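A short worksheet on the structure shown next.
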Amino acid sequence: LSAGTVGGGKVEMAAIKKAQAILDSHSQIAPELVTWNLQQDIGMSCGGEVSFLFEHFMLTHWPIVIFGAGHVAQALTRVLSKLNCHVTCVDSREEWITKLEGVNSLYHPIPKDTVTSFNPKSYFMCMTMGHAHDVPILIEIAKHAPDCPYVGVIGSDIKGQKIKKELTELGVNKSFIDKLRVPM
């Protein structure tokens with residue numbers, strides 16, 4: 001199954017070849033960040049570099065929960081809706097939730113209050129309106145699903161450092177904080 005594009009041409013073919021090799025290995029690998037020089041590694045005439053994060057999860061049906069239905073979540077849910085996963089997107093803004101297509105959408109005025117309704121083995125992603133909205137959700141995920149296979153937050157390295165510091169100060173388990181991916 002192939003969905004979407006990473007820019008087309010030779011760089012897309014190289015990414016597909018790398019991804020196919022990972023899939024053909026039939027094993028879960030550690031996440032791998034690959035940076036290719038477009039001229040030297042890919043054989044393109046344009047200059048510069050491109051980086052891809054390759055991750056492989058050995059599941060046949062992924063329960064994915066996304067908190068936040070903004071622009072990034074809108075694009076991500078369109079891609080995920082084509083894959084073998086069950087996506088639920090939660091947001092307090094009904095006007096954004098109604099724009100989602102192909103996924104289970106849940107309007108709730110307090111998204112953190114919905115965490116316990118999800119499978120603790122879900123893949124959780126926070127793409128809310130900001131740090132102040134992410135932290136309460138992450139605290140609830142840490143309580144309800146400390147062993148979830150994935151938890152990530154959209155944002156910068158600096159945001160990640162601030163969130164992890166705040167969660168530590170609030171007493172969230174170190175193993176949960178260590179697996180938290182910011183940026184995801």
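Each residue in region 93-107 was checked for being more than 21 Å from Gly155 (Cα to Cα) and open to solvent by 40 Å² or more (accessible area, probe 1.4 Å), and 10 pass. Within region 78-92, identify whether any single residue is within 26 Å of His56 (Cα to Cα), at pLDDT below 90, surrounded by fewer than 16 Cβ atoms within 10 Å (Cβ to Cβ) and small (Gly, Ala, Ser), and answer yes or no. Among the residues of region 78-92, at least one is within 26 Å of His56 (Cα to Cα), at pLDDT below 90, surrounded by fewer than 16 Cβ atoms within 10 Å (Cβ to Cβ) and small (Gly, Ala, Ser), which makes the answer yes. The residues of region 1-32 that are at pLDDT 90 or above and loosely packed, with under 11 Cβ neighbours inside 10 Å amount to a single one, Lys17. Inside region 85-109, residues that are in a loop (DSSP other than H, G, I, E, B) and of a type outside the set (Val, Ile, Thr) make up a count of 8.
Do the conditions hold for Val115, that is, is it open to solvent by less than 80 Å² (accessible area, probe 1.4 Å) and assigned to a loop (DSSP other than H, G, I, E, B)?
Working: open to solvent by less than 80 Å² (accessible area, probe 1.4 Å): yes; assigned to a loop (DSSP other than H, G, I, E, B): no.
It is false that Val115 is open to solvent by less than 80 Å² (accessible area, probe 1.4 Å) and assigned to a loop (DSSP other than H, G, I, E, B).
Of all the numbered requirements in (1) buried (at least 16 other Cβ atoms within 10 Å of the Cβ); (2) out of contact with any strand residue (DSSP E or B) (no Cβ under 8 Å at 6 or more places or on another chain); (3) of a type outside the set (S, T, N, Q); (4) touching a residue at least 24 places away in the same chain (Cβ under 8 Å), Lys164 misses one, and that requirement is (4).
The values are calculated or read from the model by the stated rules, or taken from the named source; none is laboratory data. None of the values given here were measured: they were computed from a predicted structure. Please note: Cβ atoms are built from the backbone with ideal geometry, for glycine as well, and neighbour counts cover all protein chains shown. For accessibility, only protein heavy atoms count, side chains too; no ligands or nucleic acids. Shrake-Rupley method; radii C 1.70, N 1.55, O 1.52, S 1.80 Å.
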